[in-house]
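The values are calculated or read from the model by the stated rules, or taken from the named source; none is laboratory data. Everything numeric here is computed off the predicted structure, so don't read it as measured data. Cβ placement follows ideal geometry from the backbone for every residue including glycine, while neighbour counts extend to all protein chains displayed.
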Amino acid sequence: RQVASQCRLLQSSSGRPSSPQLPQLPDEPISLQDAPGGLFQLPPGDPFPERVTVAWLSVVALAFALVCDPQENLSLAEITLRRLAPRLLTSLRLLGPGADVLLRPDAADVLLDRLLPHGQMLFLNEHFLQAVDREM
Amino acid sequence: MFTAAAESFLKQAREIQEEELRRFASRVAAILQGPELGPEAADCLQRLHLTVAATKYPRKLDGKFVELLQTVLCSSKSPEQIQVLCAAILREMSPCNDLILSCDEIQDTKLLSLVCSVLLAQGNKKAEVSAVGQRIVKVLERRLPERQGARYLLPVLSNVISLSPESLTEEQTNVVSKKMADWLRYASVQQGVAQPSGGFFSNPRTRQPGPVTEVDGAIATDFFTVLSVGQYYTEDQWLNVQAFSMLRHWLLCYGAKGLKTPNSDDKSGMDRSVMSMVSTTSTSSRLLLPKDRLREKAFEYCQRLIEQSNRRPLKKDDGDLQKACLIEAVTIIDIICKQDSSYVYRAVSFLKILHSRISGDTTYARALLPIAQFFLNHGKMAAVDSDAIYKHLFTDIPAQLFHNPSLAFEFVQFCKDNTQLFTETSSIFRQSFPNLFKFLAWNSPPLISEFVDLLPFLLDAGTAIEIFHLLLDLPCLTAALDIQLRSPALPTSEKAACDPAVKPATCLEAFRHPLYKSMFQYLLRTKSAPEDAPERLIPLRQLLGSLASSPRVVQCAETVPVLLELFFRVVAEFADGPLINQLVVLLLQRSDQLYEIPAFKDDVYRVLGSQLVMLCKLRPALVVELSTEILEFSGTVSNIQNKEAIFTHMVWAIGEYMSVSYDKRCTVEQINQFFETLEAMLFEITQLRPLASTPSYAPRAISVLMATLTKLAARSQDLIPRVSMFLSKMRTFVQSPAVTSVYCEEDLDEILIRATELMNLLKMPSVAQFVFTPPVDVASTRFQREVNDSLPFALRIVTRLLEPAPGFMPG
């Protein structure tokens, strides 16, 4: 919810209109270079017991949020998010009409287990990332 | 939000009843106990997961069924997908009382990781975290054969220490520290081999793998790191990546100096660092304790990463990782130096070089923050002059990169982490606050709550006035930044061609125009520069009016009222008499000079009005001291409509504090002067114009004018007849048709009631005097506390006295 409002605020501030319809799923991998994203902080108690920082990313009508402890590397969080998002989009067909996101927790779990095992962000260079993709 | 199909699925899942769920569970149980676990089993488990996860309240599943799930999870016959699903369901049900899972017998590390994920989600009621921690360390301690992936276990360990750092003994942390040091420093520098694909035509002789390379393609000549590149990776290289990924966390948890090492007992910090300067190649590292050894290897690793970040990557995305690694490396070095100051001298030299290397490159700006933090923490000890670093950071970076939201966020966090820097008046940090506000002006929504935390540290008697102006002009700053971003760099010949006599047609043109240039420069300044003439920016504000409806400007404008209220709250704590007076004068002045955004102005007036009252309460004497300015403000008819909130509160304050009991210097002449001015105002807004249409004024303005006039009359009793006569005329006003068509009935009733009460009060002048001019030290009684409430209360009492109830009046 908070991510959604941050996203809408950011989009409106840059003057871009938000498109209400879902576009066709593109065939080539979605480039997320220009996808809007950002960072903000949540105070303790709302809803996490400690203070946390949230990195978020928005792709079309979807928002992804990664919740980090204060001591974590935010640059890496943004990188991790930008890697997770397209893989989740593809694997769960998130922009399509189906309900895979609800019925395939195993697909999401496998992805998260590789790129964010037990919540640990990983410093993976591009070749390592390819090796991870190969394993899946 | 969801697609239609997903919405309906979710709804169905939520509405499944207990009985239906039980039946479904037994069906699933039957399938799970069957010989083959194929797609049907997976499908059922997926639906079961959705059912359990869809509701906020926990779903009950039969204890035996839960046991079955656990058995299936741990069975080696179950395919991976089934195991993952069982684990997901079990996690979803945490905390779960029927858990019999134990990590002790499991050999396969992938499965172990999965089981641990379930155990760690249980909330640690039965010391699961500790049990997991023990098991993981035990497994890591053994020499694992190549195939067994220890890499699946390190993230579990990281999770364990987040949840409960005490669950590992010192011996265990030493074991892990030792291993981590090896993984970081001694991973293979040869690439891995592809798993043989098998098949009839496969060539059994695989090619010899080559050495790993750097991100720019060069052959690596030093040890393996996360920035090393290969086609395939070996197990220890994986461990290298994971060890580094959790290194910061590990050092923060267990790296601090606890025991005394045998070497450091009698040597001071200085001597130790001299020693390390002499023997820079660490010789007998094997003799170091595991903690110290890990620190040494970690330091070397980070140093290598810093060197590696200098290379130009072949793949663009590797560049992002290089920057993230750089930030991580510097941060870890900072932590290491905090834990063992002998590293400071080694670090200082190459960190300074790093800074010179990246300070000109805006893509590396985020890395400047941990570097600055390092010098803040350790620069003094190393007797290093790092002022140039701070100057560059605070002067250049915000001005150039305010539009980068991630940098903006991290920069403000940096300020919040180091608020002690802002207390020193002459410091570069404090002087740069105009620059800091650029971050807020451009990125308002995520940063407003951060600035609410930061603002009190920037405010003191020296900066209050400038920050007041800055806050009121914050949306202008947004507009100016927008223009600055859009204005191209003009060649010098074009600059000269700008004719001062010709007015600029657009904002962009105005940016270079001699008339406006200095105004822009002032608004966009990087350092504090208290200005005496706030009127200076009036033409610029008008010019920027065309951008007043731009979304970013409007967003910024919404943050101003919040910050203004905070501003006054903080200033009230330290402001002295002259500062309060100055603020009131400026408040009245600036009310004419605000950026033209209607909602913005209304909100600002509302805040300024109530804060004006607060300032008068703090220092009632100001009403007398600033009588000239206040008279001028309250004597301007247009203020009643345009700035109603401020006007009303100002008039209320006059009524309240213009009295000898608040300031001995208050003379009868002054009271009379205010009376005449306000009487003229009330006359102006209540006169009935026969031909012209009656403009409507806020009813509360009328009320407060009447009340204040009455109060003043109570103090200078010659005025009483005039007020009484005026008040008696209010009945005519309220009942005239021109007025009833413009004001609503409740408001007119209220006005009439108030006028009557005030008139009654004036019939008993000594009571009126008491009510309206209480002794100052009675201020804490309930009667006085909220005067806006107490006046009606007082009036009601008096009215009751004047209209005797039966049996009340004696004789």
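Scanning region B:543-564 for any residue that is free of Cβ contacts under 8 Å to residues at least 60 places away in the same chain and within 17 Å of B:Lys643 (Cβ to Cβ) turns up at least one such residue.
A residue that is modelled with pLDDT of 85 or more and within 12 Å of chain A (Cβ to nearest Cβ) cannot be found anywhere in region B:196-211.
Out of B:Ser177, B:Ser167, one residue alone is over 21 Å from A:Val110 (Cα atoms), touching a Lys or Arg at 6+ places or on another chain (Cβ under 6 Å) and either surrounded by 14 or more Cβ atoms within 10 Å (Cβ to Cβ) or not aromatic (Phe, Trp, Tyr) (or both). It is B:Ser177. Flag: B:Ser94 matches the condition of being under 23 Å from B:Ala41 (Cβ atoms), more than 14 Å from chain A (Cβ to nearest Cβ) and not in a helix (DSSP H, G or I). Counting only strands (runs of 3 or more DSSP E) that sit completely within region A:11-119, those holding 1 or more residues that are more than 9 Å from chain B (Cβ to nearest Cβ) and modelled with pLDDT of 85 or more correspond to A:52-59, A:62-68.
Listed by first and then second residue, the pairs with beta-carbon distance under 9 Å, at least 6 apart or on different chains, first residue in region B:676-697 and modelled with pLDDT under 85, second of a type in the set (A, V, I, L, M) and in a loop (DSSP other than H, G, I, E, B), are B:Ser693/B:Val742; B:Thr694/B:Leu688; B:Thr694/B:Val742; B:Pro695/B:Val742; B:Ser696/B:Val742.
Within region B:384-417, can you find the residues that are more than 14 Å from chain A (Cβ to nearest Cβ), in contact with a helix residue (DSSP H, G or I) (Cβ under 8 Å, 6 or more places away or on another chain) and among the hydrophobic types (A, V, I, L, M, F, W, C)?
Quick first cut of region B:384-417, residues more than 14 Å from chain A (Cβ to nearest Cβ) only: B:384-401.
Still in the list and also in contact with a helix residue (DSSP H, G or I) (Cβ under 8 Å, 6 or more places away or on another chain): B:384, B:386-387, B:389-395, B:397-401.
Matches in region B:384-417: B:Val384, B:Ile389, B:Leu393, B:Phe394, B:Ile397, B:Ala399, B:Leu401.
Take the conditions of a type outside the set (D, E, K, R) and touching a residue at least 60 places away in the same chain (Cβ under 8 Å) and apply them to B:Thr395. Does it pass?
yes
Being over 19 Å from B:Cys116 (Cβ atoms) and either buried (at least 19 other Cβ atoms within 10 Å of the Cβ) or among the hydroxyl-bearing types (Ser, Thr, Tyr) (or both), is that true of even one residue in region B:83-93?
So the first thing to find is which residues in region B:83-93 are over 19 Å from B:Cys116 (Cβ atoms), and the list is none.
Within region B:83-93 (the criterion being over 19 Å from B:Cys116 (Cβ atoms) and either buried (at least 19 other Cβ atoms within 10 Å of the Cβ) or among the hydroxyl-bearing types (Ser, Thr, Tyr) (or both)), the answer is no, since none of the residues qualifies.
Scanning region B:48-63 for residues that are in contact (Cβ under 8 Å) with a residue 24 or more places away in the chain and of a type outside the set (A, V, I, L, M) gives B:His49, B:Thr51, B:Thr55, B:Pro58, B:Arg59, B:Lys60, B:Asp62, B:Gly63. Screening A:Phe128 on (1) surrounded by 20 or more Cβ atoms within 10 Å (Cβ to Cβ); (2) at the interface with another protein chain (Cβ under 7 Å from one of its Cβ atoms); (3) touching a residue at least 12 places away in the same chain (Cβ under 8 Å); (4) hydrophobic (A, V, I, L, M, F, W, C) shows it passes everything except condition (3).
Here B:Ile100 passes the criteria (1) surrounded by fewer than 19 Cβ atoms within 10 Å (Cβ to Cβ); (2) closer than 22 Å to B:Gln237 by Cα except the one numbered (2).
When B:Ala645 is tested against (1) within 42 Å of the chain's Cα centre (by Cα); (2) at pLDDT below 90, only condition (2) is not met.
Working only within region B:352-374, note down all residues that are touching a residue at least 40 places away in the same chain (Cβ under 8 Å) and more than 28 Å from the chain's Cα centre (by Cα).
Just the residues of region B:352-374 that are touching a residue at least 40 places away in the same chain (Cβ under 8 Å), to begin with: B:354, B:357, B:363-367, B:369-374.
Correct list: B:Leu354, B:Arg357.
Residue-wise test of (1) basic (Lys, Arg); (2) touching a residue at least 24 places away in the same chain (Cβ under 8 Å); (3) within 14 Å of chain A (Cβ to nearest Cβ).
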{"site": "B:Ser8", "(1), (2), (3)": "no, no, yes"}
{"site": "B:Gln12", "(1), (2), (3)": "no, no, yes"}
{"site": "B:Glu20", "(1), (2), (3)": "no, no, no"}
{"site": "B:Ala29", "(1), (2), (3)": "no, yes, no"}
{"site": "B:Gln33", "(1), (2), (3)": "no, yes, no"}
{"site": "B:Leu37", "(1), (2), (3)": "no, yes, yes"}
{"site": "B:Ala41", "(1), (2), (3)": "no, yes, yes"}
{"site": "B:Gln46", "(1), (2), (3)": "no, yes, yes"}
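Among the residues of region B:72-80, none qualifies, meaning not one is among the basic types (Lys, Arg) and either surrounded by 13 or more Cβ atoms within 10 Å (Cβ to Cβ) or within 14 Å of chain A (Cβ to nearest Cβ) (or both).
Taken as a whole, region B:142-158 holds no residue that is free of Cβ contacts under 8 Å to residues at least 40 places away in the same chain and either buried (at least 19 other Cβ atoms within 10 Å of the Cβ) or part of a helix (DSSP H, G or I) (or both).
Looking at B:Leu615, is it at pLDDT 90 or above and surrounded by fewer than 20 Cβ atoms within 10 Å (Cβ to Cβ)? Taking the combined requirement at face value, the residue does not satisfy it.
Yes/no per residue for (1) at pLDDT 95 or above; (2) within 27 Å of the chain's Cα centre (by Cα); (3) in a loop (DSSP other than H, G, I, E, B); (4) more than 14 Å from chain A (Cβ to nearest Cβ):
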{"site": "B:Thr526", "(1), (2), (3), (4)": "no, yes, yes, yes"}
{"site": "B:Glu531", "(1), (2), (3), (4)": "no, no, yes, yes"}
{"site": "B:Arg536", "(1), (2), (3), (4)": "no, no, no, yes"}
{"site": "B:Leu540", "(1), (2), (3), (4)": "no, no, no, yes"}
{"site": "B:Leu543", "(1), (2), (3), (4)": "no, no, no, yes"}
{"site": "B:Phe568", "(1), (2), (3), (4)": "yes, yes, no, yes"}
{"site": "B:Val571", "(1), (2), (3), (4)": "yes, yes, no, yes"}
{"site": "B:Leu594", "(1), (2), (3), (4)": "no, yes, yes, yes"}
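Has region B:392-404 got at least one residue that is within 21 Å of B:Ser309 (Cα to Cα) and of a type outside the set (A, V, I, L, M)? Within region B:392-404 (the criterion being within 21 Å of B:Ser309 (Cα to Cα) and of a type outside the set (A, V, I, L, M)), the answer is no, since none of the residues qualifies.
Answer with yes or no whether A:Phe123 is among the hydrophobic types (A, V, I, L, M, F, W, C) and facing chain B (nearest Cβ under 9 Å). Step through it out loud before you land on a result.
Details: among the hydrophobic types (A, V, I, L, M, F, W, C): yes; facing chain B (nearest Cβ under 9 Å): yes.
For A:Phe123, the condition - among the hydrophobic types (A, V, I, L, M, F, W, C) and facing chain B (nearest Cβ under 9 Å) - is met.
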